[in-house]
Amino acid sequence: MTNESELGPSDPAPARLSVGVVSAGRVGTALGEALDRVGHVVVAVGAVSAASRRRAADRLPDARILPAAEVAASCDLLILAVPDTELAALVVGLAETGAVRPDTLVLHTSGTYGVGILEPLRAVGALPLAVHPAMTFSGRPEDTDRLASACFGITAADPTGYAIAQSLVLEIGGEPVRVSEQMRPLYHAALVHSCNYLVTLVADALDVLRIALRDDGELLGQQPIDDRPGGVAERVLAPMLSAGLDNVLRHGGAALTGPVARSDAAAVARHLDALIAADPAVARSYRQMAARTAERVGVGADLWAVLDAAAAADGGSIGDSTRPSDADADADADADADAGAESDAGAGSDADVDTDGERGRG
């Protein structure tokens with residue numbers, strides 16, 4: 001290894017590493033760039049598609065673009081930042097070719113896998129690490145800056161591995177969080193549920209909001225309602241979305257407002273009627289989220305009746321496996337009514353197209 005100092009128990013991370021990245025997708029490029037900024041040297045990257053080759057040239061200009069096996073053979077720290085569906089085959093291929101030297105640090109960025117998937121490389125002497133940035137990636141340079149404010153889910157095979165992973169994360173300004181091997185899928189599911197599906201939720205809301213805003217034309221001088229990002233619909237939702245996210249992170253479930261929190265069955269019924277007319281798929285999503293919200297806060301039987309009727313009309317069923325009893329629900333709804341009445345509006349990782357790109361992990 002090309003360390004400037006020996007690896008010791010009080011200084012588990014080498015002072016300087018040669019780094020290889022497979023591949024130059026959104027995550028791999030950002031992580032390589034972050035390590036390069038703190039003194040490590042990205043010597044080689046894998047990049048097959050035109051987009052990845054441009055990204056590597058722009059943001060990792062001193063790195064050679066090489067096949068994966070040659071990247072692996074050239075470095076002390078090998079970062080495997082590929083889609084989850086490709087990781088196992090890549091690991092097996094590198095192990096079979098003997099490309100990875102003994103004592104190489106091999107770090108993958110998958111959220112759902114721990115170090116077990118790296119076993120073929122550990123068997124030939126590599127040190128396995130799973131280091132997942134809890135961040136979404138756009139493929140732009142600001143991704144690297146965001147890593148300094150991100151948490152990283154780390155999993156290792158032994159205390160030394162944890163110390164190395166922790167030190168690497170701290171070096172680039174992130175916060176390391178230990179995740180056990182068996183809990184990696186649950187950890188990643190929580191991130192996907194909060195971030196990836198938030199994109200779907202907001203995109204659906206924007207679509208139906210544009211329909212609502214177009215119905216009667218625009219005010220004199222108002223920007224026309226169109227489908228381009230950054231328009232009127234986005235400006236309507238942005239302050240409320242920001243406040244809602246901030247409130248739930250600060251105050252938990254107590255941040256919930258809106259018609260479900262108030263057990264306002266009539267309002268929810270009106271929403272469902274309007275959404276079915278505008279976009280039945282969004283109506284279905286609204287109904288399902290309303291039902292999950294009702295389960296969390298406890299609501300009256302009249303609201304459940306509205307949701308059940310909507311589900312039956314859609315050919316499904318809300319189900320009642322986690323539904324509280326009517327008496328308990330009514331009591332909970334009464335207790336929460338004042339807090340929920342504060343605001344009607346309050347109800348209101350990387351999908352790189354490159355085959356060698358990395359998914360935005362969230």
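Scan the range 112-125 for residues that are open to solvent by less than 10 Å² (accessible area, probe 1.4 Å) and within 19 Å of A69 (Cα to Cα) and jot them down.
Those that are open to solvent by less than 10 Å² (accessible area, probe 1.4 Å) and within 19 Å of A69 (Cα to Cα): L118, L121.
Return the residues of the range 256-294 that are buried (at least 17 other Cβ atoms within 10 Å of the Cβ) and of a type in the set (D, E); say none if nothing qualifies.
If the condition is that a residue be buried (at least 17 other Cβ atoms within 10 Å of the Cβ) and of a type in the set (D, E), then D264 is the only one that fits.
Need at least 1 residues that are over 25 Å from A189 (Cβ atoms) and in contact with an Asp or Glu (Cβ under 9 Å, 6 or more places away or on another chain) per element, so show me which strands (runs of 3 or more DSSP E) inside the range 24-115 make the cut, counting only ones lying wholly within it. Lay out the reasoning, then the answer.
Numbers: elements: 41-46, 77-80, 105-108.
Once the strands (runs of 3 or more DSSP E) in the range 24-115 are filtered for at least 1 residues that are over 25 Å from A189 (Cβ atoms) and in contact with an Asp or Glu (Cβ under 9 Å, 6 or more places away or on another chain), what remains is 41-46, 105-108.
So the check is Cβ under 7 Å with 6+ separation or different chains; which pairs have a first residue in the range 279-292 that's within 17 Å of L209 (Cβ to Cβ) and a second one that's open to solvent by 80 Å² or more (accessible area, probe 1.4 Å)?
Listed pairs, sorted by first residue: A283/I276.
Please state which of the following conditions G300 fails to meet, knowing it meets all the rest: (1) over 17 Å from A205 (Cβ atoms); (2) modelled with pLDDT under 90; (3) open to solvent by 40 Å² or more (accessible area, probe 1.4 Å); (4) not hydrophobic (A, V, I, L, M, F, W, C).
Condition not satisfied by G300: (3).
Would you call L213 more than 20 Å from V199 (Cβ to Cβ), in a helix (DSSP H, G or I) and either at pLDDT below 95 or open to solvent by 70 Å² or more (accessible area, probe 1.4 Å) (or both)?
It is true that L213 is more than 20 Å from V199 (Cβ to Cβ), in a helix (DSSP H, G or I) and either at pLDDT below 95 or open to solvent by 70 Å² or more (accessible area, probe 1.4 Å) (or both).
Which condition does P83 not pass, out of (1) of a type outside the set (G, A, S); (2) open to solvent by 20 Å² or more (accessible area, probe 1.4 Å); (3) over 22 Å from S180 (Cβ atoms); (4) touching a Ser or Thr at 6+ places or on another chain (Cβ under 9 Å), if it passes all the others?
Exception for P83: condition (2).
For the range 135-188, what are the residues that are assigned to a loop (DSSP other than H, G, I, E, B), open to solvent by 50 Å² or more (accessible area, probe 1.4 Å) and either closer than 14 Å to L105 by Cα or of a type in the set (S, T, N, Q) (or both)? So that I can check it myself, show each step before the final result.
Going through the range 135-188, the residues assigned to a loop (DSSP other than H, G, I, E, B) turn out to be 135-141, 150, 157-158, 172-174, 179-180.
Filter once more, keeping what is open to solvent by 50 Å² or more (accessible area, probe 1.4 Å): 136, 140-141, 157-158.
Within the range 135-188, T136, A157, D158 meet the criteria.
Just to be sure, is V208 at pLDDT 95 or above, within 22 Å of F137 (Cβ to Cβ), assigned to a helix (DSSP H, G or I) and open to solvent by less than 70 Å² (accessible area, probe 1.4 Å)?
Working: at pLDDT 95 or above: yes; within 22 Å of F137 (Cβ to Cβ): no; assigned to a helix (DSSP H, G or I): yes; open to solvent by less than 70 Å² (accessible area, probe 1.4 Å): yes.
Against the criterion (at pLDDT 95 or above, within 22 Å of F137 (Cβ to Cβ), assigned to a helix (DSSP H, G or I) and open to solvent by less than 70 Å² (accessible area, probe 1.4 Å)), V208 does not qualify.
The values are calculated or read from the model by the stated rules, or taken from the named source; none is laboratory data. It should be emphasised that the depicted structure is a prediction, and the values quoted were computed from it without experimental measurement. Neighbour counts run over all protein chains shown; Cβ positions are idealised from the backbone, glycine included. Side chains are part of the model used for accessible areas, which takes the heavy atoms of the whole protein and leaves out ligands, DNA and RNA. Shrake-Rupley method; radii C 1.70, N 1.55, O 1.52, S 1.80 Å.
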